[in-house]
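All remarks here apply to the structure that follows.
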Ligand code: GDP
Ligand code: IMO
Ligand code: MG
């Protein structure tokens, strides 16, 4: 039995979807534990690209149980569309949705847009999927949960109460009109409830039963540690905990049951939305990496901001999450990039910092201290796949040194090295399910 959590170690888009799809081959159950359709996890399957927003990336392995956990904020429309997209590809996931998961409602989408507009230059640059407002209602204890979709009388009463508050909030605070009537919101939700009710259950109970039976469980995080509401750089963050602690609360599993915490990191950093990014490369190099890696948001299509690998931030992510191993992605993308650098510290007010400061404001003032690193050659996708087939010893020596440099700095061994988007482009160094 093993319970492995897959956690983004940076600002999201590290390649969690690819790693989860790969590891799901050995798992019995895959649980998404946080976030909603602000996430975009890409999985290559059968030569096609699937962009997963609401469902776990374990769907591409037949018969695996996939779970949308209690810690998620789910837009039922997105979930149904995703089920439809998979059905077209002949995939019918064995899905459970925890009754405790919160429902993203049309009010949340409207509020996300209105709040961002009001913030003007102070906007967070959210994905505008209503995630922040949904979690705000959860914390205020007025949210709607999947359990509420199972009882039409309760659903109607809850929509009535929410409509009163939210339509007022939108109009009076933000001067925005909410176009849908209470009856329209209820009717849409009622139709979605009819289609989803069969999946809703006490998934915490079910996942813990699986653990008791000795099954392998994979916990899939959305976003990344540096975007966490507590672990990230407030307010330029998301509204949930994309950490191993969040995996425990969001999947309903005791921390002591998690046997492996895999930190997924790409060989450089990217960020979508606003907020400080100390190693950001505004010049041609950033553009070259963005173009080579096709670094555009999976959910919003926005160009991702690119920077050199940031060790101070990674050290903090590693400590907060207790990474037991690292999954490196996109070593191939850095191939042939000239003047490769790695940030090993920051300078702030005459001091050298080895960890990031606690505030976004202070992080904005940090100047990265970068070391030049020997680069490696640009191979074709086919050549990288051949390297993956041969194993870690076949990696270009400088790429291997890069992995070793980061692993030894963090004091965490590499379990996986990824050199392309497909399952076959993956090198396994350690089996995270082996006990
Ligand atoms: P996630 O949100 O962490 O799941 O990451 P995204 O799916 O948003 O973005 C990662 C992108 O990189 C996707 O297009 C993946 O197919 C791709 N990808 C993942 N690993 C690798 C890799 O090692 N090399 C390359 N070239 N692409 C990768
Ligand atoms: P995956 O799971 C990258 C960013 C948004 C914004 C901030 C808050 O694909 O790694 P939100 O909509 O959550 O209120 O936006 O967080 N963000 C992500 N960036 N990958 C993601 O998910 C993200 N989910 C949210 O761009 O800066
Ligand atoms: Mg993504």
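The numbers here are math on the coordinates, done by the rules we state, and not lab data. If you're wondering where the values come from, they're calculated on a predicted model, not measured in any experiment. Quick reminder, even Gly has a Cβ in these numbers, built from the backbone with ideal geometry, and neighbours come from all protein chains shown.
Some notes on this structure:
- Tensor-based shape of region 1-48 (alpha-carbon gyration tensor, a/c under 1.5 rounded, otherwise prolate or oblate): oblate
- Fluctuation leader among 264, 173, 412 - the chain, Gaussian network, Cα springs under 10 angstrom: 173
- Counting every other Cβ atom within 10 Å of each residue's Cβ, 429, 342 order from fewest to most as 429, 342.
- Length released on extending from residue 287 to residue 139, taking residue separation times 0.36 nm less the Cα-Cα span: 49.3 nm
- Cα-based helix-to-principal-axis angle, 284-293 vs the chain, degrees rounded to 10: 70 degrees
- Folded to 0 to 90 degrees: helix 106-119 orientation relative to the chain principal axis, Cα: 60 degrees
- Order of 63, 166, 347, 49 under a 10 Å beta carbon neighbour criterion, fewest first: 63, 49, 347, 166
- Gain upon complete extension [residue 300, residue 88; 0.36 nm per residue less C-alpha separation]: 74.0 nm
- Unit Cα scatterers, Debye sum, region 207-345: log10 I(q)/I(0) for q = 0.09, 0.10, 0.17, 0.20 Å⁻¹: -0.31, -0.39, -0.99, -1.25
- C-alpha long axis of helix 381-390 to longest principal axis of the chain, angle in °: 80 degrees
- Spatial extent of the chain: Rg and Dmax, with the Cα atoms as the point set, Å: 21.5, 65
- √(5λ) per eigenvalue of the Cα gyration tensor, region 123-221, largest first, Å: 31, 19, 11
- Computed from the C-beta positions of residue 397 and residue 26, the FRET efficiency with R₀ = 30 Å rounds to 0.50.
- Put the Cα centre of region 45-83 next to the Cα centre of region 329-373 and the gap is 34 Å.
- A simple spin-label model places the labels of residue 49 and residue 173 3.7 nm from each other, with each point 7 Å out along Cα-to-Cβ.
- Extension gain for the segment residue 119 to residue 383, taken as residue separation times 0.36 nm less the Cα-Cα distance, is 90.3 nm to one decimal.
- Cβ crowding within 10 Å averaged over residues, with 95-107, 288-300 ranked highest first: 95-107, 288-300
- DSSP bridge pairs, region 1-93: antiparallel proportion in percent, nearest 5: 50 percent
- Using the average count of surrounding beta-carbon atoms within 10 Å as a protection proxy, the listed peptides 348-360, 139-151 rank, highest first, as 139-151, 348-360.
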